[in-house]
């Protein structure tokens, strides 16, 4: 199991947990990747958090959405709706983002079904997040893949991170990363 730790600022605040404690938990569980997500803060605050993470974490650092801060991390992750805000056509949005962040940075997107995975195969990506695996308390999810997640993951030409309700003990054959956020806090 390879851990991709999702560090969501809202969850940290709700659990009254410092960024440093979350990073320590991620390191204790051998996280290879940390994604910092903050949907409400200013760019300056997100930048400060990325700098703090970089000082204490040696693995890959991904920022959610804030591609303008790419110089402070190793890559960016975008969801389907965030991509549609860039361009109505997801493939065109990925091309635009790839030009901004360049090929030396990691680019990942969220996918939720076989159709989106097959479309992602034609895009210049490093990985996809696929899910939701099961329901979660942190997001309102309408599409639960369950065991079909692993079957769909086999169709991806990119590394796959299982997202949505994933825990450290879940077993997959076609998934490289377990993407876990709140599961590290419990």
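The values are calculated or read from the model by the stated rules, or taken from the named source; none is laboratory data. Model, not experiment: these values are computed from the prediction. Reconstructed Cβ throughout: ideal geometry from the backbone, glycine too, with neighbour counts over all protein chains shown.
Looking only at the stretch 13-26, which residues are touching a residue at least 40 places away in the same chain (Cβ under 8 Å) and surrounded by fewer than 23 Cβ atoms within 10 Å (Cβ to Cβ)?
Of the residues in the stretch 13-26, the ones touching a residue at least 40 places away in the same chain (Cβ under 8 Å) are 15, 17, 22, 25-26.
Passing the criteria: 15, 17, 25.
Would you confirm whether or not the stretch 27-46 contains a residue that is crowded, with 19+ Cβ neighbours inside 10 Å, in contact with a helix residue (DSSP H, G or I) (Cβ under 8 Å, 6 or more places away or on another chain), in contact (Cβ under 8 Å) with a residue 40 or more places away in the chain and in a helix (DSSP H, G or I)?
No, the conditions are met nowhere in the stretch 27-46.
From the residues in the stretch 47-57 that are free of Cβ contacts under 8 Å to residues at least 40 places away in the same chain and under 27 Å from residue 176 (Cβ atoms), which one is surrounded by the fewest Cβ atoms within 10 Å (Cβ to Cβ)? Explain how you work it out, then say what you get.
Residues of the stretch 47-57 free of Cβ contacts under 8 Å to residues at least 40 places away in the same chain: 47-48, 50-52, 54-57.
When the remaining residues are screened for being under 27 Å from residue 176 (Cβ atoms), the result is 50, 52, 54-57.
On the way: 50: 22, 52: 15, 54: 14, 55: 9, 56: 12, 57: 19.
Checking each candidate, the answer is 55.
Filter the stretch 54-66 for residues that are touching a helix residue (DSSP H, G or I) at 6+ places or on another chain (Cβ under 6 Å) and not in a strand (DSSP E or B) and give the result.
Within the stretch 54-66, 56, 57, 65, 66 qualify.
Evaluate the following for residue 24: is it modelled with pLDDT of 95 or more, over 16 Å from the mean Cα position of the chain (by Cα), part of a loop (DSSP other than H, G, I, E, B) and more than 23 Å from residue 139 (Cα to Cα)?
Numbers: modelled with pLDDT of 95 or more: yes; over 16 Å from the mean Cα position of the chain (by Cα): yes; part of a loop (DSSP other than H, G, I, E, B): no; more than 23 Å from residue 139 (Cα to Cα): yes.
It is false that residue 24 is modelled with pLDDT of 95 or more, over 16 Å from the mean Cα position of the chain (by Cα), part of a loop (DSSP other than H, G, I, E, B) and more than 23 Å from residue 139 (Cα to Cα).
Identify all residues within the stretch 167-179 that are out of contact with any helix residue (DSSP H, G or I) (no Cβ under 7 Å at 6 or more places or on another chain) and more than 19 Å from residue 106 (Cα to Cα); write none if there are none. If you could, list the steps in order and put the result at the bottom.
Of the stretch 167-179, the ones out of contact with any helix residue (DSSP H, G or I) (no Cβ under 7 Å at 6 or more places or on another chain) are 169-171, 176-179.
Matches in the stretch 167-179: 169, 170, 171.
Would it be correct to say that residue 90 is modelled with pLDDT of 95 or more and in contact with a helix residue (DSSP H, G or I) (Cβ under 6 Å, 6 or more places away or on another chain)? Steps first, answer last, please.
Values: modelled with pLDDT of 95 or more: yes; in contact with a helix residue (DSSP H, G or I) (Cβ under 6 Å, 6 or more places away or on another chain): yes.
Yes, satisfied.
Restricting attention to the stretch 1-12, report how many residues are surrounded by 16 or more Cβ atoms within 10 Å (Cβ to Cβ) and assigned to a helix (DSSP H, G or I).
Residues meeting the conditions: 3.
Within the stretch 61-72, can one find any residue that is touching a strand residue (DSSP E or B) at 6+ places or on another chain (Cβ under 8 Å), surrounded by 22 or more Cβ atoms within 10 Å (Cβ to Cβ), closer than 21 Å to residue 168 by Cα and modelled with pLDDT of 95 or more?
yes
Scan the stretch 1-26 for residues that are out of contact with any helix residue (DSSP H, G or I) (no Cβ under 6 Å at 6 or more places or on another chain) and under 21 Å from residue 130 (Cα atoms) and report the count.
Number satisfying all stated conditions: 7.
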